[in-house]
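Since the structure comes first, as structure tokens, the remarks are kept for the end.
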Amino acid sequence: MSSLARVSASLARREFTRFIRQPQRVVGTVAQPLLFWLFLGFGFGGSFRPAGMENVTYLEYFFPGVMLMMMLFASIFSSITIIEDRDAGFLQGVLVAPVSRLAIVLGKVLGATSIAMVQTLIFTVAAPFLGLHLGFGSLVMVLGGFVLTGIGFSALGFLLAWGMKSTSAFHAVMMVFLMPLWMLSGALFPIGNVPAAMKVVMLANPVSHALIIIRAPFYAGPAVLLADNAYLLSLAVTVAWAVGCLGLSMARVNRRDKGVEAA
Amino acid sequence: MIAIEHLTHVYPAGRKTPARTAIADLSMRVEKGEFAILSGPNGSGKSTLFRILCGLALPSAGKVGIAGFDLLTQPAKVREVMGVVFQSPAVDKHLSVAENLAIHGDLYGLSGAEFRKRRDESLGWTDLGDRLDQKVDTLSGGLARQVELAKVLMTDPQVLLLDEPTTGLDPVSRRNFLDALHRLQKARGMTVLMTSHVFAEADDVDRVAIMREGRLLAHDTPAALKAMIGTEMVVIQARDTEALAVRLRDEMGLAVRCVGDELRLEETENGKSLPLLEKILDRCRTDLRSISIKQPGLDDVFVHVTSRAGDIGRTGA
């Protein structure tokens, strides 16, 4: 049996190579969130005055949320290829190869995560123009946040896509489940000003915690954050989300469709 | 090498569909070094059997042993010694031939000099030599299939499964693919099980299995299967098939079978076909559109074995 790391890296590299060979996809996945950010940022800028955030423009508020959106979209893209590849494509050959089932999940998830990382890193260049200055320690923490969140989203996408027969079914899941997870994460508006029931949902949403660990390093250094219980809780939730989805995905791939007992 | 014992597979009932039995108590063996073809009409359970043999589905009951390992409990062991060519291409079309082979090497733990040696060996018989850097989706269908076979052979499998590998190929590419496959199978002593509809492919294999409705109807050498339906047959196309079938059976006492819009008199001994043809011409000339004598091929065996009870003029032979 070939080593886990080597197989995962080989499969992840394949995802990445496919991505950079499609210039339209590279441009599209960077340009679309950028347009979202600029349009919504300037559009809501005049009316965005939440209590306690008088000095924050909407462009700045929405900045980490757009990064989260890039992670989400990268995951959705790669999950859709699972559905196309599994029954009539490349993945068939991987499934019959003597490789750990975890490597199949990791290859896909790390591939999608590395794609999301490239996009969000390009986007991080905009931070200084917003008046956000990242020290080295904070930059490392932001990157760590990207990796964790990328894995969380990609593994969740993997888990949802694996059993599906058609990409159109996945589109439905995307619109009624994945997009709302993002919308209710505090990416678009702060958690403070919403009805109580929605607030409960937002606090329970792991994506809200992912957003916190991406947003926080822009405003505080590592020393402060690592002593902050709220930050540590969010970090723990995000790690649990990523690891849990990886584990469930692996179990799902491991399970072979079984015939039922003869009547 | 492949031992299938009392295999049964039942698909679970859906909301609107009852549970469906795809494979019913099927037993079959493919010996080491044998080239076997598995055939059957659409819906006969071939695809389900193939998925189980690849280790992608678990049967309801029964056992499958491949290369001495139990496929159901030790799939990882079986994967190491098995190669699979799927009906739909299992290569990444956006990557080059070389990149696809490199990923396959990674999956099977081949690297460095060993990888290059195996790769060059398995590319030896192909026409891909100067196309390694071309993306797979720029290759013709025949060449893309060669990539698939080269990829699988690189890991030197003991057992090779192929699911209708020549679908969509032109006759020349198909012939080339099969010639290469036969040559390599003999040279390496591989055990090969291939599903196929095209009986021109089956004449030079060791054994042919035919299934219908999840059961094995026949499993023998091509020669023995052809012998099953006599040595010659008389084939008739009639103006009114049903009426002529009745006439031939009742007036002339002939064992006639209806296959599509043809009538066949199958179990005819050598040398008796011509007198029979003349006799029918004599009596029923005006009812005939054409009449001929034919040597049975494997496609005739397939039709003979798989046509259903209740067909007009069926003799129960």
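Here are the numbers:
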quantity: Failed condition for B:GLY62, given (1) in a strand (DSSP E or B); (2) more than 24 Å from the chain's Cα centre (by Cα); calculated: (2)
quantity: So B:ARG116, is it away from chain A (no Cβ under 14 Å) and basic (Lys, Arg); calculated: yes
quantity: Options A:THR167, A:THR120, A:THR149; residue that is hydroxyl-bearing (Ser, Thr, Tyr) and open to solvent by 10 Å² or more (accessible area, probe 1.4 Å); calculated: A:THR167
quantity: Any hit, segment B:146-153, residues being buried (at least 20 other Cβ atoms within 10 Å of the Cβ), farther than 28 Å from B:ILE66 by Cβ and hydrophobic (A, V, I, L, M, F, W, C); calculated: no
quantity: Yes/no for B:GLY105 being touching a residue at least 24 places away in the same chain (Cβ under 8 Å) and more than 14 Å from B:MET211 (Cβ to Cβ); calculated: yes
quantity: Segment B:69-85: number of residues that are at the interface with chain A (Cβ under 7 Å from one of its Cβ atoms) and either open to solvent by 40 Å² or more (accessible area, probe 1.4 Å) or more than 24 Å from the chain's Cα centre (by Cα) (or both); calculated: 2
quantity: Residue, farthest from B:ILE66 (Cα to Cα), within segment B:8-30, restricted to residues that are outside any strand (DSSP E or B) and open to solvent by less than 80 Å² (accessible area, probe 1.4 Å); calculated: B:GLY14
quantity: Residue list for segment A:207-229, restricted to those being farther than 24 Å from A:GLY131 by Cα and either surrounded by 21 or more Cβ atoms within 10 Å (Cβ to Cβ) or touching a Pro at 6+ places or on another chain (Cβ under 8 Å) (or both); calculated: A:VAL207
quantity: Only one of B:SER88, B:SER140 that is within 9 Å of another protein chain (Cβ to nearest Cβ) and open to solvent by 20 Å² or more (accessible area, probe 1.4 Å); calculated: B:SER88
quantity: Among the residues listed as A:LEU68, A:LEU95, A:LEU59, A:LEU72, the single one being touching a Leu at 6+ places or on another chain (Cβ under 7 Å), within 14 Å of another protein chain (Cβ to nearest Cβ), at negative phi and of a type outside the set (Ser, Thr, Tyr); calculated: A:LEU95
quantity: Matching residues in segment B:31-57 - criterion: being on the phi < 0 side of the Ramachandran plot and exposed (fewer than 15 other Cβ atoms within 10 Å of the Cβ); calculated: B:GLU31, B:LYS32, B:ASN42
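Each row is one residue, and each column tells you yes or no for (1) farther than 23 Å from A:ALA103 by Cβ; (2) outside any loop (DSSP other than H, G, I, E, B); (3) in the same structural domain as B:LYS186 (by TED's automatic domain parsing).
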{"position": "B:HIS94", "(1), (2), (3)": "no, no, yes"}
{"position": "B:GLY109", "(1), (2), (3)": "no, no, yes"}
{"position": "B:PHE115", "(1), (2), (3)": "no, yes, yes"}
{"position": "B:GLU121", "(1), (2), (3)": "yes, yes, yes"}
{"position": "B:THR126", "(1), (2), (3)": "yes, no, yes"}
{"position": "B:GLY129", "(1), (2), (3)": "yes, no, yes"}
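The values are calculated or read from the model by the stated rules, or taken from the named source; none is laboratory data. In this text the structure is predicted, and so the values were computed from the model without any measurement. Note: ideal-geometry Cβ built from the backbone for every residue, glycine included; neighbour counts use all protein chains shown. Side chains included, ligands, DNA and RNA excluded: accessible areas come from the protein's heavy atoms. Shrake-Rupley method; radii C 1.70, N 1.55, O 1.52, S 1.80 Å.
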